[in-house]
Every structure is written in structure tokens, then in C-alpha cells.
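Structure, as C-alpha cells:
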Amino acid sequence: MMEDILRHFCLAGELRTAQSWGNGHINRTYRVVCAGGEYILQKINTQVFTDVEALMRNIHLVTTHLRARAADPREVLALVPTREGKAYYAAPDGGMWRVYDFVRGSKCLERADPVSFARSGQAFGRFQALLNDFPVEELRETIPNFHHTPKRLEALKAAARQDSMGRRKEVERELDFACAREDFTHTLLKAEQAGALRRRVTHNDTKLNNVLFDAKSDEALCVIDLDTVMPGFAVNDFGDSIRFGANTAAEDEPDAAKAGLDMALYEAYLRGFLRGCGDILPQSEQALLPVGAKMMTLECGMRFLTDYLQGDPYFATHRPGQNLDRCRTQFALVADMERKWEAMLAAGKR
Ligand code: ADP
Ligand code: GN1
Ligand code: MG
């Protein structure tokens with residue numbers, strides 16, 4: 001029962017309502033209204049996040065760092081402690097729960113026009129800039145090799161070899177598409193070895209619905225979903241936003257032919273992101289932003305395909321074939337980026 005979970009947290013007043021909330025693929029999220037406050041309750045996905053203690057420690061450290069630099073308290077996620085003063089509640093059945101203040105007067109977008117998309121870019125860029133002086137060695141890797149794209153390709157190949165659901169025959173074309181880009185998957189790791197980019201504190205899951213906007217002013221307000229904040233590449237944070245927000249189709253659009261790169265959105269996000277980063281991003285990293293966009297799109301497509309082959313154990317699905325549709329929109333977007341590659345490079349030089 002929801003009440004049994006909620007009574008372990010320091011909430012203000014009687015519980016009024018609790019309803020499922022948002023479109024996240026990983027955690028189970030509820031909006032909880034009490035007599036004296038509104039909250040977000042989440043059941044943490046422990047299949048995905050096996051070390052909840054380390055995960056919640058990361059979030060505590062990062063939000064504390066950000067809060068010291070914020071102008072408005074609504075800019076930073078605020079954890080609500082349990083009655084024992086802990087950041088999460090471990091239920092007897094093994095369920096792991098946490099509560100945040102609901103960010104009042106905010107809204108979440110699934111699609112954006114260039115103006116709001118640029119604002120989200122600025123928020124994610126600023127997030128990185130504010131964490132530039134955070135001691136990176138303090139953070140635990142919540143999911144090891146999260147954006148190690150060559151390892152993601154290996155995992156896809158293994159799932160295809162195993163073919164536990166008998167779905168491989170439907171996806172030979174998609175498998176070939178991914179394998180044909182094997183060399184490309186090494187680009188960023190090689191650039192790191194060559195000293196062209198370095199690991200920073202990054203968000204690693206920068207999709208549009210992981211930033212909240214002010215419902216009145218429409219300004220970007222608060223970066224959320226901090227589960228994957230850990231060392232990573234800034235260009236991948238840029239790229240994951242492009243993958244989701246600059247696609248002409250929804251992530252799970254069944255007609256992949258509708259997917260493609262909207263250059264106006266790409267350029268808008270680029271400007272916002274660079275503005276938010278300030279002066280932390282050297283030219284050598286800025287030159288790799290298009291690579292980050294293609295890398296995250298290809299990688300996410302491979303992850304959706306792996307999940308489809310394995311029977312959809314990882315990403316929440318609401319209908320059969322949804323992960324395959326998601327994979328196809330990502331690969332169609334990769335193909336369109338390849339067609340528009342010169343324009344993507346040129347956008348960075350203006
Ligand atoms: P997931 O990892 O499953 O994506 P999120 O932490 O992103 O989970 O939460 C899912 C959704 O819930 C978000 O996209 C957003 O719409 C909403 N949400 C999360 N935290 C808050 C908050 N503190 N205030 C208001 N809405 C929130
Ligand atoms: C997941 O948690 P959510 O829904 O914001 C996933 C991201 C994927 C994204 C695809 C921890 O993001 O890596 O890019 O789905 N998060 C995790 O939509 O795996
Ligand atoms: Mg999310």
C-alpha cells in the first residue's frame with residue numbers, strides 16, 4: 001500500500017492523492033499530494049540500479065553542490081528524508097523508495113520548439129558548468145560503462161546470438177545497420193586517448209523530459225533524473241538531447257520514415273548548450289559535438305534493439321514492438337545525420 005511507504009517519509013500533513021506520473025522509462029514515479037505539500041515518490045528500479053546506497057549518495061552530493069550555487073530553490077531537486085533521516089526507504093519486500101519535493105509551478109515537455117529547446121540546452125550546459133569544480137572521484141559509477149558504445153554493440157551482438165525470444169529474424173536489417181558502424185563506435189574513446197576530450201561530471205540522460213520548465217515564464221528551471229550523474233563526456237550529454245529533442249518524430253513513432261534531424265532544433269540546442277557551458281568546453285570538444293549526437297542516437301538505438309531481442313526487460317514498454325519502433329526511429333535519425341553531416345559541422349563553426 002502506498003500509505004505504508006509514505007508514512008516512512010517526513011511529509012507535511014495527511015495524504016490526499018497519489019497518481020502515476022510522467023513518461024520515464026526506468027523508475028516508477030507517482031505524484032503525491034498531501035495537505036501541506038506536493039511530492040514525487042519513486043520506486044527505484046533495482047534491476048537497473050543495483051547499488052541504491054551509492055546511487056543516493058551521488059544524488060545527495062550533487063544536489064548539495066548545486067544548491068549552494070542556485071538562485072532559486074526550485075532550480076535543484078530536493079530530497080525529502082525518511083523519518084530515520086535517510087535519503088531512501090528500503091521496504092521489507094526489497095522495494096527501494098525515495099521522495100523529492102514536487103517542483104511547484106513547473107511543467108515537463110515531450111516536444112519543444114526551438115526557443116524552449118535552446119533553454120533546455122542552456123540548463124544542461126549550465127548543469128555541467130556548475131559541476132565543473134565538483135570532485136569527480138567522489139562519484140560512484142551507478143551503471144558501469146553506461147555510454148561505452150563499443151560495449152553496447154558487443155551486448156547487442158550477444159543478444160542476437162542468443163536470440164532468446166526468436167525475434168532475430170525480424171531485425172537482420174537493423175543488426176547490419178549497427179554492425180556497419182562498428183568503427184564509428186570507437187571515435188570518442190580514441191579522441192579521449194588522443195587528449196581531445198576528457199571525462200567530466202556529466203548527467204548522461206539529458207532527454208527533454210529530464211528538465212522541468214517554469215509553467216509561467218517558460219524558462220528552463222530544474223534538471224532532474226540525476227540517477228546517472230557520473231563521469232562522462234560532455235559531447236554525449238549534448239548528443240542525448242539532440243537524439244530525443246531534435247528528432248522530427250517521437251522516440252517510439254511506428255513509422256520510422258517520419259524520423260529525421262530538424263536542423264533548426266539542432267542549431268537552437270547547440271547555441272543554448274554552449275551558452276550554458278560558458279568557457280568550460282575547449283575547441284577540441286566543441287568540434288566533437290556532432291559525433292556525440294550521432295553516437296548517442298546510434299547507441300540508444302542499439303540498446304532498444306538489444307532490449308527487444310531479450311524480451312523487453314529493461315525499458316518500460318506499453319505495447320508490443322515498442323522497443324523495435326524506438327530502435328528504428330533512432331537508426332533513421334542516424335542515417336539522416338549522416339546525410340546532414342556537413343551542415344552539422346558547419347553549425348558549430350558559425
Ligand atoms: P525515470 O528515470 O523513470 O525517467 P524521472 O526521475 O525522470 O524518472 O521522473 C519521471 C518523470 O516524473 C519526469 O520526466 C517528470 O515529468 C516527473 N518528475 C520527476 N521528478 C519531478 C519533480 N521533482 N517535480 C515534478 N516532476 C517531476
Ligand atoms: C531512459 O530514465 P529515462 O526514461 O529518462 C534511459 C536512458 C535512455 C532513455 C531513452 C538509466 O531514460 O539512458 O537514453 O531511457 N535511462 C537509463 O528514452 O537507462
Ligand atoms: Mg527521466
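Search the structure for amide H atoms under 5 Å from the amide H of residue 221, placed 1.01 Å from N in the peptide plane, and list their residues when 5 or more places away or on another chain.
Those qualifying (amide H under 5 Å, at least 5 residues apart or on another chain) are 212, 213, 214.
Using the alpha-carbon atoms, what tilt in degrees (0 to 90, nearest 10) does helix 234-245 show relative to the longest principal axis of the chain?
The answer is roughly 90 degrees.
What percent of all Cα-Cα pairs in the chain falls in each 10 Å bin, counting up from 0?
Spelled out per bin, shortest first, that is 5, 25, 34, 25, 9, 1.
Kindly express, to the nearest 10 degrees and within the range 0 to 90, the angle between helix 289-309's C-alpha long axis and the longest C-alpha principal axis of the chain.
Helix 289-309 sits roughly 80 degrees off the main axis of the chain.
By how many nm would the segment from residue 12 to residue 31 grow when fully extended, if each residue of separation counts as 0.36 nm and the alpha-carbon distance is taken off?
Full extension from residue 12 to residue 31 adds 5.4 nm.
If the elastic network links every pair of Cα atoms under 10 Å, which of 90, 268, 250 fluctuates the most in the Gaussian network model of the chain?
Looking only at 90, 268, 250, the biggest GNM fluctuation is shown by 90.
Measuring from label point to label point, each 7 Å out along Cα→Cβ, what is the residue 198 to residue 136 span in nm?
Going by the 7 Å Cα→Cβ label model, 0.7 nm.
For region 102-154, which trypsin sites (Lys or Arg not before Pro) pass both filters: DSSP loop (anything but H, G, I, E, B) and at most 15 other C-beta atoms within 10 Å?
Filter output for region 102-154: 104, 111, 140.
What are the extents of the Cα atoms of region 149-273 along their three principal axes, in Å, largest first?
Cα extents, longest axis first: 50, 40, 28 Å.
Residue by residue through region 195-206, which ³J(HN,Hα) values in whole Hz follow from phi under the Karplus form 6.51 cos²θ - 1.76 cosθ + 1.60 (θ = phi - 60°), with glycine and proline marked x?
x, 7, 8, 10, 6, 10, 6, 10, 7, 6, 8, 8
Note down the nm distance, to one decimal, between modelled labels 7 Å out along Cα→Cβ at residue 43 and at residue 170.
2.6
Please check: in the Gaussian network model of the chain (C-alpha springs, under 10 Å), which one of 155, 178, 246 has the largest mean-square fluctuation.
155
Longest segment of the chain with no GluC sites (Glu not before Pro) in a DSSP loop having at most 16 other Cβ atoms within 10 Å?
Counting at most 16 other Cβ atoms within 10 Å as exposed, the longest clean stretch of the chain is 220-350.
Step through the residues of region 217-223 one at a time and calculate ³J(HN,Hα) from phi using the Karplus curve (6.51 cos²θ - 1.76 cosθ + 1.60, θ = phi - 60°), rounding each to whole Hz and writing x for Gly and Pro.
Using θ = phi - 60°, the values come out as 8, 6, 6, 5, 10, 8, 7 Hz.
When the Karplus curve 6.51 cos²θ - 1.76 cosθ + 1.60 is applied with θ = phi - 60°, which whole-Hz ³J(HN,Hα) does each residue of region 4-16 get, with x for Gly and Pro?
Going residue by residue, I get 4, 6, 5, 5, 7, 9, 7, 9, 8, x, 5, 5, 9 Hz, with x marking Gly and Pro.
Just so you know, all these numbers are worked out from the coordinates, no wet-lab data involved. Quick caveat: nothing in here was measured; it's all calculated off a predicted structure. Note: ideal-geometry Cβ built from the backbone for every residue, glycine included; neighbour counts use all protein chains shown.
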